[in-house]
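What follows is a short report on a single structure.
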Amino acid sequence: MCGRYTLTKPIKTIESHFKPARISLKYFPSFNIAPSQISAVVTQKFEVMGMKWGLVPSWAQNNEIGNKLINARSETLNEKPSFRDSLENQRCLVPADGFIEWKGKKPYYIRFKDHRLFAFAGLWSTWDSGEKPLHSYTIITTEADKTLYSLHSRMPVILHPENYEKWFFNDSNSLTSLFTAPKKQELEYFEISTAINFPKNNEFNLLQPSRQKSFTF
């Protein structure tokens, strides 16, 4: 499960990491990206676009289905009509530098120990109702690694940069090896304020560890 994440790095860091051919959005760092919000997505053409979180398949009768499709289980991508076409033709990278998971009512912030920028494996689609086309995406999930399993049994698929092109261009039947948690225990997590529960909150101090007065992000 991935219900919130962050992308706080400067646009120059994103450009350096993904080397996009074009950036087609007005970028603002976010400390609390929630479903239905617009965030940066990297397409197979290495274009950075703004898309709505919550995939709306091209065949959907309305866009409300996106509220239910913020995540896609890696084990059943080929079985689900909502994801099958996108898996074949519209894979994406979702830039992030951390994500949030809840244990009971307590939220925890999860990131790499070196605070690096990374990418979730994602799928995207375009829904056209005859007005302005809606571009939307979903984040693929897998079984959690040993570090995170005590929080939740699922986690987003995190792709290593050396696998970005494989994710974009290889045959869909050859991608299962990418749907695994990081082999090394490179992730860390800590409890944060329940203020993260409210999507309108989007400040640096949301990610400060509970009961800690100073914080380096």
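We did not get these values from a lab; they are worked out from the coordinates using the rules stated. As the structure is a computational prediction, the values presented were derived from the model and not from experiment. Cβ atoms come from the backbone with ideal geometry, glycine included; neighbour counts cover every protein chain shown.
Each Cα pair under 8 Å and six or more residues apart adds its separation to the average, and for the chain the resulting relative contact order is 21 percent.
Which stretch or stretches of segment 95-109 have amide N atoms under 18 Å from the point lying 7 Å from Phe204's Cα along the Cα→Cβ direction? The answer is 97-98, whose backbone nitrogens lie closer than 18 Å to the label point.
What FRET efficiency comes out for the pair Ser58/Glu79, r = Cβ-Cβ distance, R0 = 25 Å, nearest 0.05? Mind dumping the intermediate values first?
Working: r = 18 Å, r/R0 = 0.73.
With a Förster radius of 25 Å, E is 0.85.
Considering helices alone, the calculated mean residue ellipticity of the chain at 222 nm is -3000 deg cm²/dmol, with DSSP H runs of length four and up weighted by -39500 (n - 2.57) and normalised per residue. Take the residue pairs Lys26/Lys200; Lys103/Lys184; Lys68/Lys113; Lys12/Lys103; Lys26/Lys183 and return only those whose Cα atoms are more than 25 Å apart. Lys68/Lys113; Lys12/Lys103; Lys26/Lys183, as the Cα separations exceed 25 Å there. Highest GNM mean-square fluctuation among Glu64, Glu191, Glu79, for the chain modelled with Cα contacts below 10 Å: Glu79. A simple spin-label model places pseudo-atoms 7 Å from Cα toward Cβ; at Phe168 and Ala195 they are separated by 3.8 nm.
Under a Gaussian network description of the chain, with springs only between Cα atoms under 10 Å, the residue in Ser82, Ser174, Ser125 that fluctuates furthest is Ser174. Summary value for segment 1-108: 32 percent relative contact order, contacts being C-alpha pairs under 8 angstrom separated by 6+ residues. Our estimate of slack between Arg116 and Phe46, defined as 0.36 nm per intervening residue step minus the Cα-Cα distance, is 23.2 nm.
Per residue, the convex hull spanned by the alpha carbons of segment 100-139 comes to 123 Å³.
Largest mean-square fluctuation among Ala96, Ala144, Ala121, in a Gaussian network model of the chain whose springs join Cα atoms under 10 Å apart, belongs to Ala144.
Shape call for segment 1-62 from the C-alpha gyration tensor, a ≥ b ≥ c root eigenvalues: rounded (a/c under 1.5), prolate (a/b greater than b/c) or oblate? Oblate.
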